[in-house]
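Following: one structure in structure tokens, then a few remarks.
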Amino acid sequence: MKKVAIVGVEGSGKTVMLAGLGDLYTYPDEEGYFLAPKNFGTAAYVAEKIERMRKGEWPVATAGDEVRGLDWTLKRHKEGVEGRPETICEVSFLDFAGEVYRAAYGISGGGDASLREQAEELKRYVCGADELIVLINLRDVILHGFRDTREQEAMWITKSILDTALGDGSGDKSPRAAIVFSQADNYAATINACGSPRGMLKKYLPHVANDYGWLDVFAANAVDKIALDDDGNVVPAADFTTQGLLPIMQWIRGEKVGRCDMPDGGCASNGRRLSRPEAPTVLSPVPLAPEPVRPPISPEPKDDDLTPIPPPPPPPIDDLQPIPPPAPPEETKPMESVPTADGAHAPSNEQGQETSVAGSGETDSVAENSPSPGVSVDGKCADVVFVIDASGSMRECFDQLRTNIRKFVEPFREEGFDSLRLGLLAYSANIDRMAKKCIYRNIVIGGEGATAMKSLYGQVPPREELFFTCSKNGAADTDSFMRRLDGVRCKGDEDTVFALDCAADFPYGPLESTRRVVVLFTDEKIEDGVLKQESVGEKFSQVEKVMKKIVDRHISLYVFAPTSPVTDMMSEFSRVFLTNVPEFRPEATDTWANIDFARVLEMMGKSVSSSLSGGCERDFSRAIFGQNAWEDDRWA
């Protein structure tokens, strides 16, 4: 699988760009592409940076002793193709401090042992990539003169990175590469004056252009709308979007970039040189000096080329307009609401097969788009369902969640949410060997057993208070949630896949205003429990159907479970964040005690509260296991 690396000198916009890219591709785009975080740390990093930017602050610079690793997998849901998404490539990012770049590429001395070690790690990261994106902040090469430190770093470190990674560009191991100018929206007038991004490169970074003019060069911007704070500083506007990063993802996918300059003559548009240009100029990085001497370029430049011509001033802030989002597809028109028991649909057939209201008249699916009772379609809302394995070994998890639930709720208060409803599905199951069937125990906020499940599946009038706490003046009712956690008795075995199917059928608020979240806690591999005991090959094969429903309902899924083939498969879907926990062992008693619940819940709350709601409501299949037609004796 190919790996994409993203690098740039201090201040080039790496942090803002990576956070924006992760946020922009949280959900699949119109072509089905999305970025799946490979770990919870990556998701939390994006959430933290985006939250800061929404408040009108830029992310702080990376500390000198900090190396932050971020990893995504680029995936794609293909139209009309069922099952797990296709894996395209890995996108990795190591966020090093500016002095590490200077140490790695000859701009400063070697420094101490720790700095030298980080410098070598940076070089390995660059040289090990299959595709390389080098960021350059246009501000550094336009507003600063040739004798300025930032302009020197932009030129020499950028060139040294390319020298190290590409060499002469003729080897099979040379990565596909591109130079990307950030803050493109602020300097659109200057780019136009130069004719193109490639013209910018030739004018302001001639040594880079001379040796690497065969690379793809394009411009992008992570924040499309800015404002002024009380001190007159430029900051992100509260309603900014990251649509300006679309060119980067287009390039990663190998597509033609709209604002990209492709190489001329003897070069390919895939960012690799087809033939080495004659007599290349080889320049080594030079140390900074008060009066640096610019080496000559062949052919001899004119005098007026030695110093960049001051560009036209950037447009006024009021003239910087956000890039309009793409027009919504036709299918975003309101669809049928979720059926209820008043005759809008009938339960499944007597065989207990998966059924629901036909959204299209031909498929067994539901299209939900009407507001849930008591939930406003305006403002910011969140429905969060905690799905917790209630088997005998899980008491510590319930206690930890009860103790720290306010850490999860606090970010929603800070973000000014109009509604936060907490849901619960505590689940367990056991095999009735005499009756040769599995008995399920599902405990929700306001009930359990057959009454709650019949309400969920429309066999009795629905009661949303069974599934969610009430939100009081925008605040979550944590007291009711904690009391319910205290009342759960942990016993029996588990069937996690079945529980996720039920949780995905909960009556969530309208998509246009509601973040929908499921948080799963279990100390058993998902494929174990009653799935392992019972002959349930057909049931096990339904995992992908359950995951597809979660994706179709725009539910973010946070999974805290032992790593297994099933969790690996689940992590391939969009908006799935996997955290590995130790598998339960009878001799071990500290499975959950060693997890920092306060930190985990706080970061998860920030991640959810800073994410965006909205999207197109899709058809989805209810009761995948046919539970909407079960008799009362299947529920404990």
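The values are calculated or read from the model by the stated rules, or taken from the named source; none is laboratory data. Being a predicted model, the structure only gives us computed values, none of them experimental. Every residue, glycine as well, gets a Cβ built from its backbone with ideal geometry; the counts of neighbours run over all protein chains shown. Just the protein is used for accessible areas: all its heavy atoms, side chains included, with ligands, DNA and RNA removed. Shrake-Rupley method; radii C 1.70, N 1.55, O 1.52, S 1.80 Å.
In this structure the amide hydrogen of LEU424, modeled in the peptide plane, comes within under 5 Å of the amide hydrogens of PHE386, ILE445, none closer than 5 places in sequence on its chain.
Rolling a 1.4 Å probe over the heavy atoms of the protein chains gives the stretch 548-636 an accessible area of 35 Å² per residue.
Here are some pairs, LYS123/LYS407; LYS14/LYS525; LYS225/LYS256; which of them have Cα atoms lying more than 28 Å apart in this structure?
Numbers: LYS123/LYS407 39 Å; LYS14/LYS525 37 Å; LYS225/LYS256 25 Å.
Distance filter (> 28 Å) returns LYS123/LYS407; LYS14/LYS525.
For the peptides 223-232, 557-566, residues were scored by their other Cβ atoms within 10 Å and the scores averaged per peptide; the highest-first order is 557-566, 223-232.
Could you give the length gained by full extension between GLU544 and ASP632, i.e. 0.36 nm per residue of separation minus their alpha carbon distance, to one decimal place?
Extra length available between GLU544 and ASP632 comes to 28.9 nm.
Distance between the pseudo-spin-label points of GLU31 and ASP418 (7 Å out from Cα toward the beta carbon): 3.6 nm. Highest average first, the peptides 121-129, 242-250, 431-439 ordered by how many other beta carbon atoms sit within 10 Å of their residues are 242-250, 121-129, 431-439.
What's the FRET efficiency of LEU228 with SER564 using the Cβ-Cβ distance as r and R₀ = 45 Å, to the nearest 0.05?
Working: r = 51 Å, r/R0 = 1.14.
Calculated transfer efficiency: 0.30.
Keeping every protein chain present and rolling a 1.4 Å probe, give me the accessible area per residue for the stretch 1-48 in Å².
Heavy-atom accessible area per residue stands at 28 Å².
Each residue of the stretch 211-217 was assigned a 3J(HN,Hα) from its phi angle through the Karplus expression (A = 6.51, B = -1.76, C = 1.60, θ = phi - 60°), giving 9, 10, x, 7, 7, 5, 9 Hz with x at Gly and Pro. Available extension along the chain between ARG483 and ASN192 is 98.5 nm, counting 0.36 nm per residue and deducting the alpha carbon span.
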